[in-house]
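For reference, the structure is listed below as structure tokens.
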Amino acid sequence: SHPPLCSPGIKCGGVLSAPSGNFSSPNFPGLYPYEMECTWLIVVAEGSSILLSFSHFELEYHDTCAYDYLQVYNGAAQDQGNLLGTFCGHSPPPPFSSAWHVMAVIFRSDRHVAKHGFAAAYRKGSREGWWWQSTRPSIFFHHPHHPCLLADACGGQLTGLSGEITSPRYPESYPNDAECRWSIGGAGSGPLTLVFADFQMEGGQGCGFDYVALFDGPTVTAPRLGRYCGSAHPPRTISSTPHLLIIFKSDFNIGGRGFKAHFYSAEECHEVFTTIKGNFSSPRYPNFYPNNLKCQWSIHLPPDYRIKVFFLDMELESRSSLTGGCDYDHLSAFDGGTENGAMLGRWCGRESLAPVMSHSNQLLLVLHTDRNTAKRGFSIAYMGVVVPMNVSCTRTDFHIQIPMQSLAQLERNRIYLGTPSCAARVVGRNFKIHTRFDTCSTESQRRNNTSVIVSTLYIDFSVGDQEDIHQYELQCEPKKKEASVTLIAGPDPSRLRQAENLVDAQQWEGEAMDAHEIKSQDTSDIVFISICILAGLLMVIAVVGLVLL
């Protein structure tokens, strides 16, 4: 064995709190022992980052690193959401820069096959930064007294769904004669969006001195999307491929603060749904979600629909112990297609949540995660409520009206009350059902000491052998002539459970029935009024007769 490039430590695990240092596997450069588990927790001054590099690496190889392995965490090792990678074999891990002042390294060996292990070096970074992972660092400045320590590094291969990048030493002035390349991609097949949160570099016509160049692909041979310098923020950039290359260059003099930018993938983390029902979950669910995410799920349905969201499972970072609010990782729902819409809720922690109903045909869900403490995430199902459904009743009849636009692909016999023989009829642009209480399997019940009339409305969406029948319970209180409708069986009821009060007929606007139709149909009211008039006349006749006698 050859001696390591840097003087190794001999301690298996521990807390490393010096501004810089080295550590290595037990017995390095000799063979490491069997059945070892070592944890190094690197802690530097708050507000700083940690730069970590490996000068030697040789562990037992396995295609999934199931035997001997080394893991690097951006924070405490207990937080699976901060795992930066698991490594084995002969290829050293890339250099890392932590997102905050804590980093953990875990080494484990099994009871068979030992190798020479690893040697690593770390140092405190000048400022807090976002982690990056690289197969080749683009720029190194070696410390004259510690040749193993990485003084400044930038660029790399970024494969996450989202993340942030900064120029070297940001927000302090970037170094001269630097060249950094960030190749983003590999997490999915969707386009990438890049947004600059801060930008201040040396200017100049044509950006010939210091600049940032963007390419629509993994290499410089891809189409160039822009070249920027000065102090104006570059515009939001969206790639047409799943890859984006960012190149930063500085010349020999005159610098600036540099830049900070964040990127995100449209796949998994940013989705748009237009189907009547569906489900989605946080990235990597049920495993821990990544840190530093902003994900959006937008549901857009036809104009006559409302959207009901069911929280099948949710575990996010807990509420703040100081404020009691969801200040860290949280999920928010907005009515409409943007975050400017009314907020319907903001959730965190581990909660059992009631379903949420939109007030329009669009709903936006946004997941924010911060730089530490990840959890399992969430699983959500949604369905479009097939309304506006105008349901009313008299003392003797049910009246149901559904705009045909809401059920555009259904024939009228797919919509019926109680039995298929009580199917809807087409009147103008609406499906209508008008039936008396003594027909269509309607029955009288007593609920909460009140007499009500109950029936079931069926809407059959079945296709081929796949049965999909929605059932709504219609209820009428004849004395008050008040009707309501409740979904009692909908799409995939085992996942959605049983949703209550999906549709309150009084909430939704619908075309009003013609006044003469309601008047002619409300026979009970006519009879009731006639009896009252007749009784009044008889009473008058009786009084007059008594007076004459």
Legend entry - Residues that are part of a loop (DSSP other than H, G, I, E, B) and open to solvent by 60 Å² or more (accessible area, probe 1.4 Å), drawn from the range 207-242: F209, P218, T219, V220, T221, P223, S231, A232, H233, P235, R236, S240
Inset, instruction - Return the residue satisfying two criteria in turn: it lies in the range 47-62 and is open to solvent by 40 Å² or more (accessible area, probe 1.4 Å) and among the hydroxyl-bearing types (S, T, Y), and of such residues it is nearest to E35 (Cα to Cα). - result: Y61
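Any idea which residue in the range 374-390 is most open to solvent (accessible area, probe 1.4 Å), counting only those that are part of a strand (DSSP E or B) and farther than 21 Å from S281 by Cβ?
First pass over the range 374-390, keeping only residues part of a strand (DSSP E or B): 377-385, 390.
Applying the additional criterion that residues be farther than 21 Å from S281 by Cβ yields 385, 390.
Values: V385: 0, N390: 42 Å².
The residue in question is N390.
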Inset, instruction - Consider only pairs whose beta carbons are under 8 Å apart and that are at least six residues apart or on different chains; among these, list those whose first residue lies in the range 254-281 and is at negative phi and whose second residue is at pLDDT below 75 and open to solvent by 60 Å² or more (accessible area, probe 1.4 Å). - result: E267/S189; K277/D492; N279/R495
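Residue-by-condition table, conditions (1) at negative phi; (2) among the charged types (D, E, K, R); (3) not assigned by the TED database to the domain that holds P302:
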{"residue": "R414", "(1), (2), (3)": "yes, yes, yes"}
{"residue": "P420", "(1), (2), (3)": "yes, no, yes"}
{"residue": "V427", "(1), (2), (3)": "yes, no, yes"}
{"residue": "K432", "(1), (2), (3)": "yes, yes, yes"}
{"residue": "R436", "(1), (2), (3)": "yes, yes, yes"}
{"residue": "N449", "(1), (2), (3)": "no, no, yes"}
{"residue": "V454", "(1), (2), (3)": "yes, no, yes"}
Inset, instruction - List the number of the failed condition for I402; all other conditions in (1) at pLDDT 90 or above; (2) farther than 30 Å from P286 by Cα; (3) part of a strand (DSSP E or B) hold. - result: (1)
Legend entry - Residue in the range 349-357 that is open to solvent by less than 10 Å² (accessible area, probe 1.4 Å) and touching a residue at least 40 places away in the same chain (Cβ under 8 Å) present: no
Legend entry - Residues satisfying the stated conditions in the range 256-268, i.e. over 8 Å from T193 (Cα atoms), modelled with pLDDT under 90 and open to solvent by 30 Å² or more (accessible area, probe 1.4 Å): K260, H262, E267, E268
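Per-residue answers, yes or no, for (1) surrounded by 21 or more Cβ atoms within 10 Å (Cβ to Cβ); (2) under 30 Å from P234 (Cα atoms):
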residue	(1), (2)
G278	no, no
P286	no, no
K294	no, yes
K308	yes, no
Inset, instruction - Please go through the range 102-133 and pick out each residue that is under 38 Å from the mean Cα position of the chain (by Cα), of a type in the set (G, A, S) and either under 18 Å from N82 (Cβ atoms) or at pLDDT 90 or above (or both). - result: A104, S109, A120, A121, G125, G129
Legend entry - Residues (open to solvent by less than 10 Å² (accessible area, probe 1.4 Å) and at pLDDT below 90) located in the range 358-370: S358
Legend entry - Inter-residue pairs, beta-carbon under 9 Å, first in a strand (DSSP E or B) and in the range 432-450, second among the acidic types (D, E), 6+ apart: H434/D397; H434/E517; T435/D397; R436/D397; T450/E477
Inset, instruction - Working only within the range 220-255, note down all residues that are of a type in the set (F, W, Y) and within 16 Å of T166 (Cα to Cα). - result: Y228, F248
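For the subset of the range 457-477 comprising residues that are hydroxyl-bearing (S, T, Y) and surrounded by 18 or more Cβ atoms within 10 Å (Cβ to Cβ), which member is farthest from the chain's Cα centre (by Cα)? Full working, then the answer.
So the first thing to find is which residues in the range 457-477 are hydroxyl-bearing (S, T, Y), and the list is 458, 462, 472.
Add one more test, that the residue is surrounded by 18 or more Cβ atoms within 10 Å (Cβ to Cβ), and what stays is 458, 472.
Details: Y458: 33, Y472: 31 Å.
It comes out as Y458.
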Inset, instruction - Please report, ordered by residue number, the strands (runs of 3 or more DSSP E) entirely within the range 45-109 with at least 3 residues that are of a type in the set (V, I, T) and outside the structural domain of P171 (by the TED database). - result: 102-108
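Here is a check on your reading of the model: is R429 under 21 Å from P403 (Cβ atoms) and either open to solvent by 50 Å² or more (accessible area, probe 1.4 Å) or modelled with pLDDT under 90 (or both)?
yes
The values are calculated or read from the model by the stated rules, or taken from the named source; none is laboratory data. All values reported here derive from a predicted model rather than from experimental measurement. Glycine gets a Cβ as well: all are built from the backbone with ideal geometry, and neighbour counts include every protein chain shown. What goes into the accessible areas is simple: the full protein's heavy atoms, side chains included, and nothing from ligands, DNA or RNA. Shrake-Rupley method; radii C 1.70, N 1.55, O 1.52, S 1.80 Å.
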